[in-house]
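The values are calculated or read from the model by the stated rules, or taken from the named source; none is laboratory data. Please read these numbers as outputs of a predicted model, since none were measured by experiment. With ideal geometry, Cβ positions are generated from the backbone for all residues, glycine too; neighbour counts draw on all protein chains shown.
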Amino acid sequence: MRMKRILYDDQALWIQSTLARKESSKVPGSAQCIMSALNDTKFTHTVFLLTGIPGQEDVHIWISIPFCLMYVISIVGNSVILFIIGTDASLHEPMYIFLSMLAVSDLGLSISTIPTMLGIFLFNFREISVDACLAQLFFIHSLQCIESSILLLMALDRCIAIREPLRYASILTLPRIAKMGLVCVLRGVAVILPLTILLKQFQYCRANVLSHSYCLHQEVMKMACSDIRVNNIFGLFTKLITMGLDLLLIFLSYVMILKTVLSIASHAQCLRALNTCVSHLCAILLFYTPDISLVVMYRFWNSSSYLLQIVLSYISLLVPPLMNPVVYSVKSKHLRARIIRVFVK
């Protein structure tokens, strides 16, 4: 009897639901009610759409040619720097070890942006999943933070070499340099990882079209339909305590360098000491100038040229890995001699 009652109840429920569907089909506007209910639901995007250079879609294939050349030169140049420093024992000095760290970060930065950027300009492949986008922005921002820390270490290296030349080798020993490099990597990961985790928790129900051919924290954050105030404040705070603090300490290092150099009686020795800092100053300008300009535009200057923001973003990611090996190869006599010797052989 109990089984029969259960069957009767199921049949009654099925009949009631069928009658309800028939009645709802007769009621005018029921379809609109259903559609409005669906529209009120927040759907989470599973993919983002990347964008090349807006308004230049017809010539993307031609734009890809200089981009490919820049990638090839940056990868080959930094790889040559690493090979020369790694195989030549006479270059196992603090300055060249820091240069090899800079080359590794530049290689990582180039490799992080190559797939999506060339996919846009060569094959018009725009889709990227949310997880892949978050992974890319994590590597881009963490490598930028690591490179900023390495530039600070290189400024410290020049400061010690000029102010304490007799104690230079005893202060910057190989184990100490290895610990410094490890701290740089850990700081970059520890600062950017919480931002990435917070972005992972968000729902992305707004327009999913990015304005670059790679993922950046500022853009992905603005597409979330959740409260992004924590990410916004924490993102600005991380910029200040990483790149802002690094730039301040680099400035103080060069103040101490200038104070020491100006106290040297010989004009020739003064110029020789300053000449060792030229390549590092070029690397600082190449790295910080476009990045600081982008931060100011994103945060405080929303009415600025949109195309200028796109161009500065490409410059900040492509030009430092391209120019750093060129600048150091030209300015460093020992490194240049080793490179010429390898290619002549």
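In region 64-108, which residues are out of contact with any Asp or Glu (no Cβ under 7 Å at 6 or more places or on another chain), under 19 Å from Cys184 (Cα atoms) and of a type in the set (A, V, I, L, M)?
Leu82, Ile97, Leu99, Met101, Ala103, Val104, Leu107
(1) more than 29 Å from Ser142 (Cβ to Cβ); (2) without any contact (Cβ under 8 Å) to a residue 24 or more places away in the chain: which one isn't true of Asn232, the others all being true?
With (1) more than 29 Å from Ser142 (Cβ to Cβ); (2) without any contact (Cβ under 8 Å) to a residue 24 or more places away in the chain applied to Asn232, the lone miss is (1).
Quick one: is Cys159 touching a strand residue (DSSP E or B) at 6+ places or on another chain (Cβ under 7 Å), hydrophobic (A, V, I, L, M, F, W, C) and buried (at least 18 other Cβ atoms within 10 Å of the Cβ)?
no
Sort through Cys205, Cys225 and tell me the only one that's under 23 Å from Thr116 (Cβ atoms), touching a Cys at 6+ places or on another chain (Cβ under 6 Å) and not basic (Lys, Arg).
Within the list Cys205, Cys225, the selection yields Cys205.
Specify the residue that is surrounded by the fewest Cβ atoms within 10 Å (Cβ to Cβ); the eligible residues are those in region 188-234 that are of a type in the set (D, E, K, R) and not in a helix (DSSP H, G or I).
Top of the filtered list is Asp227.
List every residue pair whose Cβ atoms sit under 8 Å apart, with the two residues 6 or more apart in sequence or on different chains, where the first one lies in region 80-104 and is in contact (Cβ under 8 Å) with a residue 40 or more places away in the chain and closer than 11 Å to Ile177 by Cα and the second, anywhere, is basic (Lys, Arg) and surrounded by 18 or more Cβ atoms within 10 Å (Cβ to Cβ).
Met95/Arg158
Condition check: outside any helix (DSSP H, G or I), modelled with pLDDT under 90 and of a type in the set (Gly, Ala, Ser). Does Gly52 satisfy that?
yes
Per-residue answers, yes or no, for (1) charged (D, E, K, R); (2) touching a strand residue (DSSP E or B) at 6+ places or on another chain (Cβ under 9 Å); (3) modelled with pLDDT of 90 or more:
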position	(1), (2), (3)
Met256	no, no, yes
Cys270	no, no, no
Cys277	no, no, no
Ile284	no, no, yes
Leu322	no, no, yes
Arg338	yes, no, no
Phe343	no, no, no
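Of the residues Ile264, Ile310, Ile292, only one is assigned to a loop (DSSP other than H, G, I, E, B), at pLDDT below 90 and surrounded by 12 or more Cβ atoms within 10 Å (Cβ to Cβ); which?
Answer to the selection: Ile264.
Yes/no matrix, rows are residues, columns are (1) out of contact with any Asp or Glu (no Cβ under 8 Å at 6 or more places or on another chain); (2) aliphatic (A, V, I, L, M):
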{"position": "Ser149", "(1), (2)": "no, no"}
{"position": "Ile177", "(1), (2)": "yes, yes"}
{"position": "Gly181", "(1), (2)": "yes, no"}
{"position": "Pro194", "(1), (2)": "yes, no"}
